[in-house]
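The values are calculated or read from the model by the stated rules, or taken from the named source; none is laboratory data. Note that this is a predicted model, so its numbers are computed, not measured. Don't worry about glycine lacking a Cβ; one is built from the backbone with ideal geometry, like all the others, and counts go over all protein chains shown.
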Amino acid sequence: MVPFEEDGQNGSRPGRPPLEAFLSFPAARESALCSFEELQQLWQSQPQPEPPAVAAESRGMAAALRRFRRRQYIFNGLKLMIIVWLAWFLLSRLGVSGLTVLGVGLLLAGMINPMVSDWRSQSAIARLDFTRPSVGFLDATLERLRDPNDPGAPFRRAGWMGIAMIATGANLIFARPWATETLLFRIASHTAITLVPFAAFTFGLKVRAKRYAIDYKPLVERLEAMKAALEEHDQ
Amino acid sequence: MTYAERERLFVHLFEQSRAGIRRLCYSYLNSASEVDDLFQEIMTNVWKSLSNFRGEAKLTTWVYRIAVNTALIHHRRRRPSEELSDVPDHRVSTQRDLERQEQLEALHRAIAQLGDQDRLIVSLLLEGLDYKEIAEVTGITVNYVGVKISRIKQALEQLMTEVSHGAF
């Protein structure tokens, strides 16, 4: 039994005699001489389940990709419409006063800021550069996957800032309607609407960390193992 | 690159690399039922990346990079060991066909026993990529590709011997 050659490109050198077989199959015990080149030929000659029209399938896939892009545009458009509607709803219900406009403005800005930051982070994950060599690709992917769990991540910074804006905005919106209430009621109400967004955000971060552990951690661990296996001894 | 040019290049790439990419998917997943999902994912990534193609790498190498990277992060429904090769059906008509079919099955079973990265590397080698091209795809040095392939070949040799003795 002679092993595959190891010293040439593709396991063989031009002009050299074929390698002796190392394979011995029940049905071909006597005759099968199988070099790595033969294995390559065998591999590349595997029958493929060809559809009747390959070009038509390609065009079908391109059309599917166009539909996907259109759907993304529609989805983003819908989100924008919801934000515009919310601004209109709050202003029309609460009346247009300087304080309310400022409050609604802060509230919306506080909602939009972390949302945009999150979308950017999400789309960065979705926009992985698959054309890079695998080691660099794995590095970049790991960096992007770890990002949501990083305390200094842009989402968290934008999130805390957004929550402070939402709390301030909500306090401004209700400052006028509550002006006639008792001082104790006003202090209790303003304290509550200040604390609720912060509590909700803290809870949201915990849920996010759990989701990260379930959704991303196994992938991160798998990618780390793959990178280690690719780079092993490659120094 | 205009949209029409991008579409033309995509159709060309699809037709040119379809068979090789499908074989790579098959050897990586070891399951015919999941090959279509991964293949479609790869082609989607090829389409998305086409606008950034600058011609710095050979087109084949570029496509294989996308294929390998997509395979690496593809969510596999089953572990490779859970499903044995369901090698595409061959029309066996002669003794030689039978031998080839058995060799192919043995090769698939042996590849299925290798690690994820090794399965991808050996697929690239079987597709005819040279060491330099494999290094360009994986991002490891040419020397280390040589070392790795040498190890993979030894492992394959061992595994195929075991397969021929009915170990798997």
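What number of residues within the stretch A:160-197 are charged (D, E, K, R) and touching an Asp or Glu at 6+ places or on another chain (Cβ under 9 Å)?
0
Being at pLDDT below 90 and outside any helix (DSSP H, G or I), is that true of even one residue in the stretch A:157-167?
No, the stretch A:157-167 contains no residue that is at pLDDT below 90 and outside any helix (DSSP H, G or I).
Tell me which residues, restricted to the stretch B:110-146, are surrounded by fewer than 17 Cβ atoms within 10 Å (Cβ to Cβ) and at the interface with chain A (Cβ under 7 Å from one of its Cβ atoms).
B:115, B:128, B:130, B:141
Provide a single number: the residues in the stretch B:42-63 that are crowded, with 17+ Cβ neighbours inside 10 Å, facing chain A (nearest Cβ under 10 Å) and assigned to a helix (DSSP H, G or I).
Going through the stretch B:42-63 one residue at a time, the tally reaches 12.
Check every one of the helices (runs of 4 or more DSSP H) wholly within the stretch B:85-168 and list those with 2 or more residues that are modelled with pLDDT of 85 or more and polar (S, T, N, Q).
Helices (runs of 4 or more DSSP H) meeting the threshold: B:142-164.
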